[in-house]
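Q: Pasting a structure here, questions to come.
The values are calculated or read from the model by the stated rules, or taken from the named source; none is laboratory data. Computed from a predicted structure; not experimentally measured. Positions of Cβ are generated from backbone atoms using ideal geometry, with glycine treated the same way; all protein chains shown enter the neighbour counts. Areas reflect the complete protein model, heavy atoms only, side chains present, ligands, DNA and RNA absent. Shrake-Rupley method; radii C 1.70, N 1.55, O 1.52, S 1.80 Å.
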Amino acid sequence: MKYLLILFPILLLGTSCAKAPDFPKEPFIEFREVRNNQIAQTDMADTIVFKIYFEDGDGDLRPDQNGTPNVFLRDQRDSSIAFSFASPPIPTEGSGNGIRGTLELRASFLRGDICCLYETGQPPCTPAIPMRTDTVYYDLYLFDEAGHQSNTITAGPIYIRCN
């Protein structure tokens, strides 16, 4: 009985310790949602919010010391980089070597940063007659501080009113 009283707390202590996450050093991201996804191309300023889940094994999911952009959104319509910006720094979680969580990435733009593209050859960012809507999806990827690139996810849709 005496041995059981000693063994039980040791077993309880061993099972209550959390195991540190074991993620690869390359960031992994997963698309969750997009907010403010209906925009007029003539808006003066606006922000699209992308919510993503992330995991990073070396815990350095943040821009480098100079604040160099580390988040990139490539427009699937023409493969151009539509936005690039520095993500907010994510603090490490204690002594473990991995972090995970949800991140809200805010892509702010001014008039002319997001435009309707026309198959007819009409110049981008000009009003469509008759009025129509264009749909945009972005390929989103990011880099951690060490320069490891994440996987690429599809984010969207964004609906642009071509007014």
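Q: Condition first: assigned to a loop (DSSP other than H, G, I, E, B), charged (D, E, K, R), under 17 Å from residue 116 (Cβ atoms) and open to solvent by less than 50 Å² (accessible area, probe 1.4 Å). Now tell me which residues in segment 33-87 satisfy that.
A: 43
Q: Write out, first by first residue and then by second, each pair whose Cβ atoms fall under 6 Å of each other, whose residues are 6+ apart or on separate chains, and whose first residue, in segment 106-119, is under 18 Å from residue 74 (Cβ atoms) while the second is open to solvent by less than 40 Å² (accessible area, probe 1.4 Å) and of a type in the set (Asp, Glu).
A: 116/134
Q: Same structure again: Which residue is nearest to residue 150 (Cα to Cα), if the candidates are limited to segment 94-108 and must be open to solvent by 70 Å² or more (accessible area, probe 1.4 Å) and modelled with pLDDT under 85?
A: 97
Q: Select from segment 107-146 the residues that are of a type in the set (Gly, Ala, Ser) and more than 16 Å from the chain's Cα centre (by Cα) and write down the one among them that is nearest to residue 68 (Cα to Cα).
A: 146
Q: Quick one: is residue 104 within 23 Å of residue 154 (Cβ to Cβ), under 13 Å from the mean Cα position of the chain (by Cα) and either outside any loop (DSSP other than H, G, I, E, B) or not small (Gly, Ala, Ser) (or both)?
A: For residue 104, the condition - within 23 Å of residue 154 (Cβ to Cβ), under 13 Å from the mean Cα position of the chain (by Cα) and either outside any loop (DSSP other than H, G, I, E, B) or not small (Gly, Ala, Ser) (or both) - is met.
Q: Identify the single condition in (1) of a type outside the set (Lys, Arg); (2) at pLDDT 90 or above; (3) touching a strand residue (DSSP E or B) at 6+ places or on another chain (Cβ under 8 Å) that residue 78 does not satisfy, given that it satisfies every other one.
A: (3)
Q: Can you tell me how many residues in segment 135-150 are in contact with a strand residue (DSSP E or B) (Cβ under 6 Å, 6 or more places away or on another chain) and open to solvent by 50 Å² or more (accessible area, probe 1.4 Å)?
A: Counting residues in segment 135-150 that are in contact with a strand residue (DSSP E or B) (Cβ under 6 Å, 6 or more places away or on another chain) and open to solvent by 50 Å² or more (accessible area, probe 1.4 Å) gives 4.
Q: So, one more: Would you be able to say whether some residue in segment 120-134 is within 19 Å of residue 31 (Cβ to Cβ) and either part of a strand (DSSP E or B) or open to solvent by 40 Å² or more (accessible area, probe 1.4 Å) (or both)?
A: The answer is no; no qualifying residue exists.
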